[in-house]
Amino acid sequence: MEDMMKECRLCPRNCGADRTASKGFCRAGAEIIAAKACLHKWEEPCISYKNGAGTVFFSGCNLHCCFCQNNDISNELFGAEISADRLGEIFLRLEDMGADNIELVTPTHFVPQIIRALDKVKHRLSVPVVYNTGGYELAETIKLLDGYINIYLPDIKYFSPEISLKYSNAPDYFERASEAVTEMIRQRGKLQYNGEGGLLSGTIIRHLVLPSCRHDSMAVMKWIAENTSPDEVLVSIMNQYTPFDFVPEKFPELKRRVTKMEYNSVVNYAAELGINGFTQEKSSASEKYVPDFDLTGIR
């Protein structure tokens, strides 16, 4: 598993970097980098239904979206290096704090290290493990996680290759994301809950509605309706797009929030298609919901 760091092919970027000696497209080397580990109470209700998800925010990313709300860690790589053993200790501590689950945020580029950590502690965890990803995944990497992950929480950000190229430099985004989500559903099957409304096993697909992209969002909803089942998948349609100052000036359409009409048109279309899941209030589009990445729980 560690040899995968020497010619990294974990994600669709296929950069082939020797991450033991340099950094990959994700901007990370072979050591885990994380920025915060805490109880996160603002996830979907079935993920943070009691005390909150036990969330570990990893640094680096294989997408580098130009509008990322977690820019400090995804693009700027703020965080601290930790070992796989330390990561396992963090998982156990989060459960001791009452976490509803262990949530791994942007974990793709550290999959081998995460597997090593879980090999040491998963038998001691009594809560589900959640894989929260931007969706730009290889199905082959997701197959490595079979038996380790209880709940998959992928984004499907885009349908159009033109839009995914423009905002994330990933024209094959939908092709890869749809393949990966199909594998996630194959692994987890039907949604399973505990007696408190908490999800124990299954897949939740997230989709962030972007300004001027409602038709692309509808295309994502259509694919979900035609290729998944409501007893296997929940869909979280997010209204939290926030236009940060670092969004490039060449994308003036991203300098505003999503309108009520744009968001509601996507939500209504999803309902017409029989999609089940979650929606967000417009108040969620605020900088106050961006975590303060301060290494809490990491060192």
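Non-local amide H neighbours of residue 7 (under 5 Å, H modeled in plane, Pro and chain starts lacking H): which ones?
19
Quick one: if you stick a label point 7 Å off each Cα along the C-beta vector at residue 182 and residue 265, how many nm between them?
3.0 nm
Which Rg and Dmax, in Å, describe the Cα atoms of segment 54-135?
Just the Cα atoms of segment 54-135 yield Rg and Dmax of 12.9, 39 Å.
Run the reach check for residue 222 against aspartates and glutamates, Cα to Cα strictly under 13 Å, same-chain hits fewer than 8 apart removed. What comes back?
Residue 222 reaches 272.
So how far, in whole Å, is the C-alpha centre of segment 167-227 from the one of segment 246-280?
Between the Cα centre of segment 167-227 and that of segment 246-280, the gap is 15 Å.
Quote to one decimal, in nm, the extra length available between residue 14 and residue 249 on full extension: 0.36 nm per residue of separation minus the C-alpha distance between them.
Taking residue 14 through residue 249 to full extension adds about 81.7 nm, to one decimal.
Give the long-range amide H neighbours of residue 135: residues separated by 5 or more places, or on another chain, with amide H under 5 Å away, using H modelled in the peptide plane at 1.01 Å from N.
The list, which skips near neighbours in sequence, is 155.
Out of all DSSP beta bridges with both ends in the chain, state the antiparallel percent to the nearest 5.
DSSP beta bridges in the chain are roughly 30 percent antiparallel.
Between their Cα atoms, which of 143/190; 23/250; 36/143; 23/255; 157/255 are more than 21 Å away from each other?
23/250; 36/143; 23/255
Per q in 0.06, 0.07, 0.08 Å⁻¹, report the Debye log10 I(q)/I(0) for the chain, using one uniform scatterer on each alpha carbon and no solvent.
-0.17, -0.24, -0.31
So what is log10(I(q)/I(0)) for segment 93-175 at q = 0.19 1/Å, when the Debye sum runs over its Cα atoms only?
-0.85
How large are Rg and Dmax for segment 217-299 when calculated on the C-alpha trace, in angstrom?
Cα-based Rg and Dmax for segment 217-299 come out at 16.0, 48 Å.
Percentage of Cα-Cα pair distances in segment 31-173 greater than 26 Å, rounded to whole percent?
22 percent
Bear in mind these aren't lab numbers, they're just calculated from the coordinates by the rules spelled out. Quick caveat, the model's predicted, so the values are computed rather than measured. We place every Cβ from the backbone using ideal geometry, glycine too, and count neighbours over all the protein chains shown.
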